[in-house]
Amino acid sequence: MPNTQPPHIDLLIRNARVVTCTDDACAVSAAGIVAITNGRIVGVGRADQLNAAVPVAAELDAEGALLTPGLIDCHTHLVYAGDRSREFEMRLQGASYEDIAKAGGGILSTLRQTRDAQSADLLAQSARRLRSLMQHGVTTVEIKSGYGLSQKAELKCLRVARELGEHFPIDVRTTLLAAHAVPPEFAGRPDAYIDEIVEHILPEAARLKLADAVDAFCETIGFTPAQTRRVFEAARAQGLPVKLHAEQLSNQGGAALAAEFGALSADHLEHLDETGVIAMARAGTVAVMLPGAFYFLRDTRVPPIALLRQHGVPMAVSTDCNPGTSPGTHLPLMMNMACTLFRLTPAEALLGVTRHAATALGLSATHGSVEVGKQADLCLWDVDHPAELSYAIGASPLRARIHRGVQTALH
Ligand code: DI6
Ligand code: FE
């Protein structure tokens, strides 16, 4: 083994073709081994580099399967109750997403159902979506609140998200998105609701350690840049990192604002301009592509991929799993859409759900690549080439999923 000499190996994966995702080309190394001890990767290399004196507790023969990092879905709203298929029908008859939101539907319709749901029911409904994500190879997921919009209901949603991480073999990172929409109690008084967030909801979520980050929806139908800034200042006061729904439906300068606060990511970005791109590049803010929402809203404006590449902004790809604009849990399908709709390369799409998605969650030291010292979150795929992960639509080629060094059931 090239790297370390562990006292023992808990799991030794043999005959894998390893895609470490440490290089931008997503190169495949032939017939490799990955050694795991105490849930961490302790060796990556060739079988002949293995020290025969180190005892091995269990072996897994990959039979030539492709081994990648476990997938990371860095932007979801998967804790919610009910569905919005009726609004889907309305949009098919010509209503726009904004029309429905202004008429009291949209986020507020999910709000009512989520507030009414008991925690156990919310957990059960959300668990169905989480299982589906896991079946498609996801080993780390970010989950936002944002369908409670009161202190009680936001904390309920964050607690459910934390519980999901305790019940299932997956890492959950939680994000407080209290600034998602103005709740009915504050109708017409968005600044008063921002007061409520910065004075009560956010400090309480921080005190209870229920949020790992803070997000906001900076948009004409969401919050202004000035209101978003107040939320970010409150997050900073609590030592919490920020991210932002920015430039989805219009250009509000949200990405530059996020970058000013050293945001982990700015997400959506269909209307992003070069000023925003440059600000993100300087701040190291990841651009999160959400092609599922673009597709579902039949958007036509593609995020400025060429500018993001030119300025070296890392791009992540995520499901945006939510009931209104992207009711999906199939991350490899989002890789396909990122390629077909946004023209990412398959290698960019794979990095977008591994290394760059880890960076978007502030987890680049421990997640997102197959390297010694990183958490042993891995997927084995029955494919020949990494591009197949973005190419195929439908049946999953996932052969094995390993979370913290433990192989998990796929069904
Ligand atoms: N942008 C989105 O795409 C989701 N939230 C957001 O800020 C949509 C949320 C919904 O319609 O329920
Ligand atoms: Fe979203």
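Couple of notes before you dig in:
- Integer Hz, Karplus 6.51/-1.76/1.60 couplings in order for segment 362-374, x for Gly and Pro: x, 10, 5, 6, 10, 10, x, 8, 9, 9, 4, x, 7
- Under 5 Å from the amide H of residue 79 lie the amide H atoms of 144, each residue being 5 or more positions distant or on a separate chain, with H modelled from the backbone and absent for Pro and chain starts.
- D (Stokes-Einstein, µm²/s), Kirkwood Cα radius, the chain, 0.890 mPa s at 25 °C: 114 µm²/s
- Sequence of 393, 194 when ordered by accessible area, the most exposed leading, probe 1.4 angstrom: 393, 194
- Accessible area, probe 1.4 Å, largest first, for residues 59, 204: 59, 204
- In sequence order, calculated HN-Hα J values of segment 49-65 (Karplus, 6.51, -1.76, 1.60; Hz; x Gly/Pro): 8, 6, 7, 5, 6, 7, x, 10, 6, 8, 10, 10, 8, 6, 6, x, 5
- Under the Karplus curve 6.51 cos²θ - 1.76 cosθ + 1.60, θ = phi - 60°, whole-Hz ³J(HN,Hα) for segment 341-351, x wherever Gly or Pro sits: 8, 9, 6, 5, 7, x, 5, 4, 5, 5, 4
- Seen through its C-alpha gyration tensor, with square-root eigenvalues sorted a ≥ b ≥ c, segment 112-168 comes out prolate because a/c lies at 1.5 or above while a/b is bigger than b/c.
- Accessible-area composition of segment 71-360, carbon plus sulfur, in percent [1.4 Å probe]: 51 percent
- Residues of segment 71-360: accessible area per residue with a 1.4 Å probe, Å²: 35 Å²
- Percentage relative contact order, segment 71-360, counting C-alpha pairs under 8 Å, at least six apart: 17 percent
- Heavy atoms of residue 209: accessible area, 1.4 Å probe, square angstrom to 10: 150 Å²
- Residues with amide H under 5 Å from that of residue 9, placed H, sequence gap 5 or more: 56, 57
- Extension gain for the segment residue 233 to residue 411, taken as residue separation times 0.36 nm less the Cα-Cα distance, is 59.8 nm to one decimal.
- Its Cα centre serving as origin, segment 1-158 has a Cβ charge dipole (Lys and Arg +1, Asp and Glu -1) of approximately 500 debye.
- Projecting the Cα atoms of 407, 180, 380 onto the charge dipole of the chain (Cβ charges, centred on the Cα centre) puts 407 farthest toward the positive pole.
- Amide proton proximity set for residue 60, modelled H, under 5 Å, gap of 5+: 12, 13, 14
- Dipole in debye (nearest 20) - segment 71-360, about Cα centre, beta carbon charges: Lys, Arg +1; Asp, Glu -1: 420 debye
- Between residue 29 and residue 119, the simple label model (points 7 Å from Cα in the Cβ direction) yields a spacing of 4.5 nm.
- Compared with the direct C-alpha span, the chain from residue 38 to residue 166 gains 44.3 nm at full extension, assuming 0.36 nm per residue.
- Dividing the summed helix terms, -39500 (n - 2.57) for each DSSP H run of n ≥ 4, by the number of residues in the chain produces a 222 nm estimate of -10000 deg cm²/dmol to the nearest 500.
- A Cβ-based charge dipole, computed about the Cα centre of segment 237-293 with Lys and Arg at +1 and Asp and Glu at -1, lands at about 200 debye.
- Nearest-0.05 FRET efficiency for residue 260 and residue 311, computed from C-beta distance (R0 25 Å): 0.90
- Efficiency of FRET from Cβ geometry, residue 384 and residue 22, R₀ 25 Å, rounded to 0.05: 0.75
The values are calculated or read from the model by the stated rules, or taken from the named source; none is laboratory data. Values in this document were obtained by computation on a predicted structure and should not be read as measured data. In this analysis, Cβ positions are derived from the backbone assuming ideal geometry, glycine residues included, and neighbour counts consider all displayed protein chains. Just so you know, the surface numbers come from the protein's heavy atoms only, side chains and all, with ligands and any DNA or RNA stripped out. Shrake-Rupley method; radii C 1.70, N 1.55, O 1.52, S 1.80 Å.
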